[in-house]
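*Asks:* Dumping the structure here so I can ask a few things about it.
The values are calculated or read from the model by the stated rules, or taken from the named source; none is laboratory data. Only a predicted model underlies this, so the values are computations on that prediction, with no experimental measurement involved. Cβ coordinates were reconstructed from backbone atoms using ideal geometry, including for glycine residues, and neighbour counts include every protein chain displayed.
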Amino acid sequence: MTYVERVLDELKKKNPNEPEFHQAATEILTSLEPVVEKHPEYEANGLLERFVEPERVIMFRVPWIDDNGKVQVNKGYRVEFNSAIGPYKGGLRFHPTVNLSIIKFLGFEQILKNSLTGLPIGGGKGGSDFDPKGKSDREVMAFCQSFMTELCRHIGPDTDVPAGDIGVGGREIGYLFGQYKRIRDEHTGVLTGRGLSYGGSLARTEATGYGLVYITEEALKMRGDSFQGKTVVISGSGNVAIYACQKAQQLGANVVAMYDSNGYVYDPEGIKLDIIQDIKEVKRGRIKEYAQRVKSATYTEGCKGIWKIKCDIALPCATQNEIDLESTKALIANGVKYVSEGANMPSTLDAIDAFQKAGVVFIPAKAANAGGVGVSALEMAQSSQRIFWTFEEVDSKLKNIMVNIYHNMDDAAKEYGYEGNYVMGANIAGFMKVADAMMAHGIV
Ligand code: NDP
């Protein structure tokens, strides 16, 4: 057994019933085989054993009262995974599927993603099994206040800086920040994704979607191509999906399909994003309304069929494991050339393998969606200095970050003999900096 196999084996024994965490750890550690072979000092210092174990796991009760006066209780989590290169940084997810395994997989991925941005941020993630869908604003506020009442003792602008994720947008960040400020009596950059009136950064809302398109644009450019005239399918219709759609359209692509968790819309004439935004951002409605409002569109119940639509570029932007092997086969048969992951771990391990074998340019989440956390780190920088950059300044820094990530992962893949394999490249490039810092800090 190799060092990596032993660590993975031990991880599965010590953390049973955490399939998402096993999946992420397997993907990451397997690709680090050539690195640990080259650096025997990592094994001598138990580096991987420490790397896979979160520095701290916080789990707590979140009681709140619903609009009928009934007491509700949810689970709260914050996994502070690795602070070797900076304070813990990573989003909060509010979704009924949230459990420790999912938060650990997200936190683990986040370590390498944050490292890839080149900015000084460690990895963490948190959330709750609370479902904001269908709740009144007052219920969401009551939940957020209760959640932060507990979380506030563990976070801080130099310790751990949460942000949004699925189910946590501007409204939730506002309520969470208000409660933090009230209890801790400080107005600091403790959360990112804040509103512009209380310390947020311009372009944070757009950052993940725009960044996803910027890195894909760089991959296209390196192959003498561009978004112009390409057919694009995007899953999801939330924050990442909407701004990926906007930037892809600005660059001349035809985005033909999007979905929410009930079903997908197909519009061969091109998605009218203002209508999607009205339905999803303003009315918090369902995407099927799009087909009622736009004649050229059709709606299909269920999500999976979206991957059978012919496209040049697929941008999965909804959730984990939304592209399985069957969907991958359909995409490849229809001639997909690029798959860039806006969501975290949207492709299963066998799907990734199939894309790579078919020569599809595959850009994994930790590189492709790092623009969100990249701009979050820029928000932290602006908060510390009490200054604010223009939209154009932040957007151009974001573009730089994404172009650098592309070249760092491309170079790392080449250096280790895996040219074009960006799973290897992104994992190796992200890991090297963290490993270096962990070695410098001694056994901690
Ligand atoms: P949102 O909550 O804004 O949107 C999520 C979208 O995905 C919605 O359209 C939602 O549908 C859909 N969705 C959620 N779960 C499922 C499911 N099980 N099946 C089908 N559709 C589903 O989240 P974000 O856009 O912020 O996040 C999307 C992904 O991007 C996540 O994986 C997140 O971790 C990742 N990400 C987000 C970043 C950010 O800055 N926001 C940064 C980096 C990564 P519905 O409307 O029906 O709920």
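*Asks:* Determine the pairs where a residue that is more than 8 Å from residue 227 (Cα to Cα) and charged (D, E, K, R), located within region 246-264, has a partner that is within 16 Å of the ligand (Cβ to nearest atom) and at pLDDT 95 or above with Cβ atoms under 6 Å apart, the partner being 6 or more residues away or on another chain.
*Replies:* Matching pairs, first to second residue: 247/210; 247/213; 260/237; 260/287.
*Asks:* Turning to a different aspect of this structure: Which of the helices (runs of 4 or more DSSP H) contained wholly in region 226-330 include at least 3 residues that are under 20 Å from residue 343 (Cβ atoms)?
*Replies:* Details: elements: 239-250, 273-277, 288-293.
Because the criterion is at least 3 residues that are under 20 Å from residue 343 (Cβ atoms), the helices (runs of 4 or more DSSP H) in region 226-330 that meet it are 239-250, 273-277.
*Asks:* Give me the residue from region 179-197 that is free of Cβ contacts under 8 Å to residues at least 24 places away in the same chain and in a helix (DSSP H, G or I) and, out of that set, nearest to residue 388 (Cα to Cα).
*Replies:* 196
*Asks:* I'm trying to understand the selection: among the residues of region 306-330, which are within 26 Å of residue 165 (Cβ to Cβ), out of contact with any Asp or Glu (no Cβ under 9 Å at 6 or more places or on another chain) and of a type in the set (Gly, Ala, Ser)?
*Replies:* 314, 327
*Asks:* Here are some conditions: (1) within 10 Å of the ligand (Cβ to nearest atom); (2) crowded, with 21+ Cβ neighbours inside 10 Å. Residue 213 meets all but one. Which one does it not meet?
*Replies:* (1)
*Asks:* Out of the residues in region 69-110 that are part of a loop (DSSP other than H, G, I, E, B) and touching a Gly at 6+ places or on another chain (Cβ under 8 Å), which is nearest to residue 17 (Cα to Cα)? Break it down stepwise before answering.
*Replies:* Going through region 69-110, the residues part of a loop (DSSP other than H, G, I, E, B) turn out to be 69-70, 83-87, 95-99.
In the following step, the residues that additionally are touching a Gly at 6+ places or on another chain (Cβ under 8 Å) were identified as 83-87, 95, 98.
Details: 83: 26, 84: 27, 85: 30, 86: 30, 87: 29, 95: 19, 98: 14 Å.
Out of the qualifying residues, it is 98.
*Asks:* Of the conditions (1) within 15 Å of the ligand (Cβ to nearest atom); (2) closer than 26 Å to residue 68 by Cα; (3) surrounded by fewer than 23 Cβ atoms within 10 Å (Cβ to Cβ); (4) touching a residue at least 12 places away in the same chain (Cβ under 8 Å), residue 141 fails just one. Which one is it?
*Replies:* (1)
*Asks:* A further question follows. So which residues in region 322-374 are within 12 Å of the ligand (Cβ to nearest atom), touching a strand residue (DSSP E or B) at 6+ places or on another chain (Cβ under 7 Å) and of a type in the set (A, V, I, L, M), if there are any at all?
*Replies:* 323, 343, 368, 373, listed by residue number.
*Asks:* Restricting attention to region 307-334, report how many residues are closer than 19 Å to residue 246 by Cα and crowded, with 20+ Cβ neighbours inside 10 Å.
*Replies:* The total comes to 7.
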